[in-house]
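The values are calculated or read from the model by the stated rules, or taken from the named source; none is laboratory data. Keep in mind that this is a model prediction, so the values were computed, not measured. The accessibility values were calculated without ligands, DNA or RNA, using every heavy atom of the protein model including side chains. Shrake-Rupley method; radii C 1.70, N 1.55, O 1.52, S 1.80 Å.
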Amino acid sequence: MQMINKFVHKTKMFGELVMFSHTLFSLPFAIISMIWAAGGIPSWRVMLWSLVALVAARNGANAFNRLADLKFDAANPRTANRHMPRKLLLSREVHVFVIVNFAIFILAAGMLNLLCLVLSPVAVVLICSYSYTKRFTWLCHLYLGFTIASAPIGAWFAVTGQFAIIPFIIGTVVMLWIAGFDIIYATQDIEFDRNTGLFSIPGVFGLKGALLISRSLHGIMVMLLVSLYVIQGLGWLYLTGIIISMLLLATEHRIIKPSSRKVMNLASYNLNQVISMTILFFTLADQFLLR
(Lines give C-alpha, C1' and ligand atoms only; values in the text may rest on other atoms or scores of the structure.)
Protein backbone atom coordinates (compact mmCIF):
# COMPACT_ATOMS: atom_id res chain seq x y z
CA MET A 1 0.00 0.00 0.00
CA GLN A 2 2.87 2.33 0.84
CA MET A 3 4.42 1.71 -2.59
CA ILE A 4 1.11 2.50 -4.29
CA ASN A 5 0.77 5.74 -2.33
CA LYS A 6 4.34 6.70 -3.24
CA PHE A 7 3.67 5.98 -6.91
CA VAL A 8 0.47 8.04 -6.88
CA HIS A 9 2.30 10.89 -5.13
CA LYS A 10 5.14 10.86 -7.68
CA THR A 11 2.69 10.72 -10.55
CA LYS A 12 0.85 13.71 -9.12
CA MET A 13 4.11 15.67 -8.80
CA PHE A 14 5.15 14.90 -12.38
CA GLY A 15 1.69 15.98 -13.53
CA GLU A 16 2.17 19.28 -11.68
CA LEU A 17 5.73 19.61 -13.01
CA VAL A 18 4.58 19.52 -16.63
CA MET A 19 1.29 21.36 -15.88
CA PHE A 20 -0.70 18.50 -17.42
CA SER A 21 -3.96 20.46 -17.35
CA HIS A 22 -2.45 22.87 -19.89
CA THR A 23 -2.79 20.15 -22.52
CA LEU A 24 -6.11 21.91 -23.18
CA PHE A 25 -4.17 24.59 -25.05
CA SER A 26 -3.07 22.37 -27.95
CA LEU A 27 -5.41 19.36 -27.80
CA PRO A 28 -8.61 21.11 -29.04
CA PHE A 29 -6.84 22.46 -32.13
CA ALA A 30 -5.29 19.05 -32.81
CA ILE A 31 -8.78 17.52 -32.68
CA ILE A 32 -10.13 20.16 -35.07
CA SER A 33 -7.25 19.48 -37.45
CA MET A 34 -7.93 15.73 -37.38
CA ILE A 35 -11.66 16.19 -37.95
CA TRP A 36 -11.12 18.50 -40.93
CA ALA A 37 -8.40 16.26 -42.38
CA ALA A 38 -10.66 13.21 -42.16
CA GLY A 39 -13.81 15.06 -43.22
CA GLY A 40 -15.43 13.58 -40.13
CA ILE A 41 -14.33 11.28 -37.33
CA PRO A 42 -10.92 9.63 -37.94
CA SER A 43 -10.33 5.98 -37.16
CA TRP A 44 -9.95 5.06 -33.49
CA ARG A 45 -6.37 3.99 -34.22
CA VAL A 46 -5.39 7.42 -35.55
CA MET A 47 -7.13 9.19 -32.67
CA LEU A 48 -5.48 6.96 -30.06
CA TRP A 49 -1.91 7.23 -31.34
CA SER A 50 -2.29 10.93 -32.09
CA LEU A 51 -3.38 11.55 -28.50
CA VAL A 52 -0.51 9.46 -27.15
CA ALA A 53 1.97 11.36 -29.35
CA LEU A 54 0.61 14.77 -28.35
CA VAL A 55 0.60 14.08 -24.61
CA ALA A 56 4.03 12.42 -24.61
CA ALA A 57 5.64 15.19 -26.68
CA ARG A 58 4.15 17.88 -24.48
CA ASN A 59 5.17 16.13 -21.24
CA GLY A 60 8.71 15.60 -22.49
CA ALA A 61 9.03 19.21 -23.67
CA ASN A 62 7.74 20.74 -20.43
CA ALA A 63 9.92 18.52 -18.27
CA PHE A 64 12.96 19.33 -20.42
CA ASN A 65 12.17 23.03 -20.02
CA ARG A 66 12.18 22.63 -16.23
CA LEU A 67 15.63 21.05 -16.43
CA ALA A 68 16.99 23.76 -18.73
CA ASP A 69 15.55 26.59 -16.60
CA LEU A 70 16.35 25.16 -13.16
CA LYS A 71 18.94 27.85 -12.36
CA PHE A 72 16.59 30.66 -13.33
CA ASP A 73 13.56 29.10 -11.63
CA ALA A 74 15.52 28.83 -8.37
CA ALA A 75 16.59 32.49 -8.56
CA ASN A 76 13.16 33.89 -9.47
CA PRO A 77 10.90 34.45 -6.41
CA ARG A 78 7.84 33.69 -8.56
CA THR A 79 9.12 30.22 -9.55
CA ALA A 80 11.39 29.28 -6.63
CA ASN A 81 8.60 27.19 -5.12
CA ARG A 82 8.44 24.82 -8.10
CA HIS A 83 9.22 21.13 -7.65
CA MET A 84 12.81 21.04 -8.86
CA PRO A 85 14.12 24.12 -7.01
CA ARG A 86 12.62 22.61 -3.84
CA LYS A 87 14.16 19.21 -4.72
CA LEU A 88 10.78 17.48 -4.57
CA LEU A 89 11.81 15.93 -7.87
CA LEU A 90 15.46 15.16 -8.61
CA SER A 91 17.18 15.97 -11.90
CA ARG A 92 17.87 12.31 -12.65
CA GLU A 93 14.18 11.49 -12.20
CA VAL A 94 13.16 14.25 -14.58
CA HIS A 95 15.81 13.19 -17.12
CA VAL A 96 14.34 9.68 -17.15
CA PHE A 97 10.83 11.14 -17.47
CA VAL A 98 11.94 13.19 -20.50
CA ILE A 99 13.60 10.24 -22.24
CA VAL A 100 10.63 7.92 -21.65
CA ASN A 101 8.11 10.46 -22.94
CA PHE A 102 10.09 11.25 -26.09
CA ALA A 103 10.54 7.52 -26.74
CA ILE A 104 6.76 7.07 -26.44
CA PHE A 105 6.25 10.04 -28.77
CA ILE A 106 8.49 8.56 -31.48
CA LEU A 107 6.84 5.14 -31.07
CA ALA A 108 3.38 6.70 -31.43
CA ALA A 109 4.51 8.66 -34.50
CA GLY A 110 5.76 5.44 -36.06
CA MET A 111 2.40 3.78 -35.39
CA LEU A 112 0.69 6.51 -37.41
CA ASN A 113 2.58 6.71 -40.71
CA LEU A 114 6.01 7.12 -42.26
CA LEU A 115 5.81 10.93 -42.53
CA CYS A 116 5.07 11.27 -38.81
CA LEU A 117 7.93 8.90 -37.94
CA VAL A 118 10.44 10.76 -40.12
CA LEU A 119 9.42 14.14 -38.68
CA SER A 120 9.31 13.02 -35.03
CA PRO A 121 13.04 13.54 -34.26
CA VAL A 122 12.80 17.00 -35.86
CA ALA A 123 9.84 17.77 -33.61
CA VAL A 124 11.82 16.68 -30.52
CA VAL A 125 14.70 19.01 -31.43
CA LEU A 126 12.35 21.93 -32.08
CA ILE A 127 10.35 21.61 -28.87
CA CYS A 128 13.49 21.19 -26.75
CA SER A 129 15.32 24.10 -28.37
CA TYR A 130 12.63 26.50 -27.17
CA SER A 131 14.01 26.19 -23.64
CA TYR A 132 17.14 28.12 -24.66
CA THR A 133 15.64 30.87 -26.84
CA LYS A 134 15.05 33.25 -23.93
CA ARG A 135 18.80 33.41 -23.49
CA PHE A 136 19.34 35.21 -26.81
CA THR A 137 16.10 36.51 -28.38
CA TRP A 138 12.91 38.27 -27.35
CA LEU A 139 11.15 36.29 -30.09
CA CYS A 140 11.07 33.38 -27.63
CA HIS A 141 7.29 33.78 -27.17
CA LEU A 142 6.67 33.27 -30.88
CA TYR A 143 9.05 30.32 -30.90
CA LEU A 144 7.08 28.76 -28.05
CA GLY A 145 3.90 29.23 -30.07
CA PHE A 146 5.66 27.76 -33.11
CA THR A 147 6.58 24.58 -31.23
CA ILE A 148 3.06 24.12 -29.84
CA ALA A 149 1.68 24.72 -33.35
CA SER A 150 3.22 21.39 -34.28
CA ALA A 151 0.25 19.70 -32.54
CA PRO A 152 -2.46 20.56 -35.12
CA ILE A 153 0.01 20.24 -37.99
CA GLY A 154 1.11 16.82 -36.77
CA ALA A 155 -2.53 15.81 -36.23
CA TRP A 156 -3.26 16.54 -39.90
CA PHE A 157 -0.22 14.52 -40.98
CA ALA A 158 -1.40 11.67 -38.73
CA VAL A 159 -4.67 11.43 -40.66
CA THR A 160 -3.51 12.09 -44.22
CA GLY A 161 0.25 11.51 -44.28
CA GLN A 162 0.42 14.52 -46.58
CA PHE A 163 1.21 18.25 -46.50
CA ALA A 164 -1.62 20.80 -46.96
CA ILE A 165 -2.21 24.51 -46.36
CA ILE A 166 -5.06 24.22 -43.81
CA PRO A 167 -3.02 22.67 -40.96
CA PHE A 168 -0.42 25.41 -41.33
CA ILE A 169 -3.11 28.08 -41.02
CA ILE A 170 -4.41 26.32 -37.88
CA GLY A 171 -0.82 26.10 -36.64
CA THR A 172 -0.29 29.82 -37.21
CA VAL A 173 -3.47 30.53 -35.24
CA VAL A 174 -2.06 28.49 -32.36
CA MET A 175 1.36 30.14 -32.62
CA LEU A 176 -0.05 33.68 -32.42
CA TRP A 177 -2.51 32.79 -29.67
CA ILE A 178 0.11 31.08 -27.48
CA ALA A 179 2.68 33.84 -28.05
CA GLY A 180 0.10 36.49 -27.19
CA PHE A 181 -0.84 35.11 -23.81
CA ASP A 182 2.73 34.01 -23.03
CA ILE A 183 3.71 37.68 -23.41
CA ILE A 184 0.96 38.58 -20.94
CA TYR A 185 2.26 36.00 -18.47
CA ALA A 186 5.85 37.22 -18.91
CA THR A 187 4.92 40.74 -17.78
CA GLN A 188 5.27 39.40 -14.23
CA ASP A 189 9.02 38.93 -14.76
CA ILE A 190 10.04 42.20 -16.42
CA GLU A 191 12.56 43.22 -13.75
CA PHE A 192 13.88 39.69 -13.24
CA ASP A 193 14.48 39.22 -16.98
CA ARG A 194 16.26 42.55 -17.24
CA ASN A 195 18.42 41.92 -14.16
CA THR A 196 19.45 38.40 -15.24
CA GLY A 197 20.04 39.18 -18.92
CA LEU A 198 17.13 37.08 -20.17
CA PHE A 199 15.23 38.20 -23.25
CA SER A 200 11.47 38.68 -23.39
CA ILE A 201 9.12 41.07 -25.16
CA PRO A 202 8.02 42.66 -21.84
CA GLY A 203 11.66 43.01 -20.79
CA VAL A 204 12.67 44.68 -24.07
CA PHE A 205 9.57 46.75 -24.87
CA GLY A 206 8.15 47.40 -21.40
CA LEU A 207 4.65 46.70 -20.12
CA LYS A 208 2.71 48.94 -22.52
CA GLY A 209 4.69 47.88 -25.58
CA ALA A 210 4.36 44.21 -24.68
CA LEU A 211 0.60 44.40 -24.21
CA LEU A 212 0.24 46.21 -27.55
CA ILE A 213 2.19 43.45 -29.26
CA SER A 214 0.09 40.81 -27.50
CA ARG A 215 -3.15 42.45 -28.63
CA SER A 216 -1.83 42.67 -32.19
CA LEU A 217 -0.94 38.97 -32.26
CA HIS A 218 -4.38 38.04 -30.97
CA GLY A 219 -5.99 40.34 -33.55
CA ILE A 220 -4.19 38.56 -36.39
CA MET A 221 -5.16 35.23 -34.81
CA VAL A 222 -8.84 36.16 -34.99
CA MET A 223 -8.49 37.23 -38.64
CA LEU A 224 -6.98 33.84 -39.48
CA LEU A 225 -9.84 32.08 -37.69
CA VAL A 226 -12.25 34.07 -39.83
CA SER A 227 -10.25 33.14 -42.94
CA LEU A 228 -10.76 29.47 -42.05
CA TYR A 229 -14.50 30.19 -41.90
CA VAL A 230 -14.31 31.29 -45.54
CA ILE A 231 -11.82 28.71 -46.83
CA GLN A 232 -13.55 25.75 -45.18
CA GLY A 233 -17.04 26.99 -45.99
CA LEU A 234 -18.10 26.81 -42.35
CA GLY A 235 -21.43 27.83 -40.86
CA TRP A 236 -22.88 30.16 -38.26
CA LEU A 237 -22.06 27.89 -35.32
CA TYR A 238 -18.32 28.12 -36.01
CA LEU A 239 -18.64 31.90 -36.39
CA THR A 240 -20.51 32.07 -33.07
CA GLY A 241 -17.62 30.30 -31.38
CA ILE A 242 -15.16 32.79 -32.83
CA ILE A 243 -17.25 35.76 -31.62
CA ILE A 244 -17.42 34.31 -28.09
CA SER A 245 -13.66 33.70 -28.18
CA MET A 246 -13.09 37.32 -29.24
CA LEU A 247 -15.07 38.51 -26.22
CA LEU A 248 -13.04 36.23 -23.95
CA LEU A 249 -9.79 37.55 -25.45
CA ALA A 250 -10.98 41.11 -24.88
CA THR A 251 -11.73 40.21 -21.25
CA GLU A 252 -8.29 38.66 -20.91
CA HIS A 253 -6.58 41.86 -22.03
CA ARG A 254 -8.85 44.00 -19.88
CA ILE A 255 -8.10 42.30 -16.54
CA ILE A 256 -4.30 42.13 -16.81
CA LYS A 257 -2.63 42.97 -13.52
CA PRO A 258 1.03 41.84 -13.31
CA SER A 259 1.18 42.46 -9.55
CA SER A 260 -1.51 39.81 -8.90
CA ARG A 261 -0.50 36.21 -9.58
CA LYS A 262 -4.11 35.07 -9.25
CA VAL A 263 -5.34 37.52 -11.88
CA MET A 264 -2.43 36.69 -14.20
CA ASN A 265 -3.14 32.95 -13.96
CA LEU A 266 -6.76 33.71 -14.82
CA ALA A 267 -5.80 35.92 -17.78
CA SER A 268 -2.97 33.75 -19.11
CA TYR A 269 -4.22 30.24 -18.42
CA ASN A 270 -7.80 29.79 -17.25
CA LEU A 271 -9.48 32.05 -19.81
CA ASN A 272 -7.40 30.59 -22.62
CA GLN A 273 -8.42 27.07 -21.69
CA VAL A 274 -12.02 28.24 -22.01
CA ILE A 275 -11.20 29.85 -25.36
CA SER A 276 -9.72 26.68 -26.84
CA MET A 277 -12.63 24.56 -25.61
CA THR A 278 -15.13 27.11 -26.94
CA ILE A 279 -13.56 27.01 -30.40
CA LEU A 280 -13.51 23.19 -30.29
CA PHE A 281 -17.15 22.88 -29.17
CA PHE A 282 -18.57 25.24 -31.79
CA THR A 283 -16.34 23.84 -34.55
CA LEU A 284 -17.50 20.30 -33.83
CA ALA A 285 -21.11 21.46 -33.59
CA ASP A 286 -20.74 23.18 -36.97
CA GLN A 287 -19.12 20.09 -38.49
CA PHE A 288 -21.66 17.52 -37.29
CA LEU A 289 -24.89 19.51 -37.00
CA LEU A 290 -24.80 21.74 -40.06
CA ARG A 291 -23.41 19.32 -42.64
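Take every pair of alpha-carbon atoms less than 8 Å apart whose residues are at least six positions apart; their mean separation over the length of region 216-291 yields a relative contact order of 37 percent. Residue-wise HN-Hα couplings along region 48-64, as the Karplus relation 6.51 cos²θ - 1.76 cosθ + 1.60 with θ = phi - 60° gives them from phi, are 5, 5, 5, 5, 4, 4, 4, 5, 5, 5, 5, 4, x, 5, 5, 5, 4 Hz; Gly and Pro carry x. Altogether, the Stokes-Einstein calculation at 10 °C and 1.306 mPa s, with the Kirkwood radius of the chain over Cα pairs as Rh, returns a diffusion coefficient of 80 µm²/s. One equal scatterer on each Cα of region 208-291, no solvent, Debye formula: the resulting log10 I(q)/I(0) at q = 0.23 Å⁻¹ is -1.08. Calculate I(q)/I(0) for region 87-165 by the Debye formula, one identical point scatterer on each C-alpha and no solvent, and give its log10 at q = 0.26 Å⁻¹ to two decimals. Calculated log10 I(q)/I(0) at the listed q: -1.18.
Per-residue Karplus couplings for region 197-211, computed as 6.51 cos²θ - 1.76 cosθ + 1.60 with θ equal to phi - 60°, are listed in order as x, 7, 9, 7, 4, x, x, 7, 9, x, 4, 5, x, 5, 5 Hz, Gly and Pro entered as x. Taking every lysine pair in the chain that is 8 or more places apart or spans two chains, those with Cα atoms closer than 27 Å amount to 18.
Using a 1.4 Å probe on the protein heavy atoms, what percent of the accessible area of region 219-291 belongs to carbon and sulfur? Accessible surface attributable to carbon and sulfur in region 219-291 totals 71 percent. Summed over qualifying helices (DSSP H, 4 residues or more, each -39500 (n - 2.57)) and divided by its residue number, the chain shows a 222 nm mean residue ellipticity of -25500 deg cm²/dmol.
Phi angles across region 220-236 convert, under the Karplus curve 6.51 cos²θ - 1.76 cosθ + 1.60 with θ = phi - 60°, into 3J(HN,Hα) values of 5, 4, 4, 4, 5, 4, 5, 4, 5, 4, 6, 4, 7, x, 7, x, 5 Hz, Gly and Pro given as x. Stokes-Einstein diffusion for region 146-193, with the hydrodynamic radius set to the Kirkwood value over Cα pairs and evaluated at 4 °C in a medium of 1.567 mPa s, equals 109 µm²/s. Measuring between their Cα centroids, region 113-149 and region 158-217 lie 13 Å from each other.
Viscosity 1.567 mPa s, temperature 4 °C: what is the translational diffusion coefficient of region 49-204 from Stokes-Einstein with a Kirkwood Rh over Cα pairs, rounded to a whole number of µm²/s? It would help to have the intermediate numbers written out before the result.
On the way: Rh = 16.4 Å.
Once the numbers are plugged in, D ends up at 79 µm²/s.
Full-extension gain between L289 and L24, please, as 0.36 nm times their residue separation minus the C-alpha to C-alpha distance.
Details: separation 265, 0.36 × 265 = 95.40 nm, distance 2.34 nm.
Between L289 and L24, full extension yields 93.1 nm more.
Note that region 249-291 presents 53 Å² accessible area per residue, ligands and nucleic acids not counted, probe 1.4 Å. Just checking the listed ones, L51, L112, L212: in the Gaussian network model of the chain with Cα springs under 10 Å, the one fluctuating most is L212. Dimensions of region 139-291 along the principal axes, based on C-alpha atoms and rounded to the nearest Å, stand at 54, 31, 21, largest first. Split the accessible area of region 78-197 by element, probe 1.4 Å, and carbon with sulfur accounts for 70%. The residues of region 54-192 have, on average, 42 Å² of accessible surface per residue, using a 1.4 Å probe with all protein chains present.
Here the scattering of region 20-140 is modelled by Debye summation over its C-alpha atoms, one equal scatterer each and no solvent; at q = 0.12, 0.18, 0.22, 0.23 Å⁻¹ the log10 of I(q)/I(0) is -0.52, -1.01, -1.29, -1.35.
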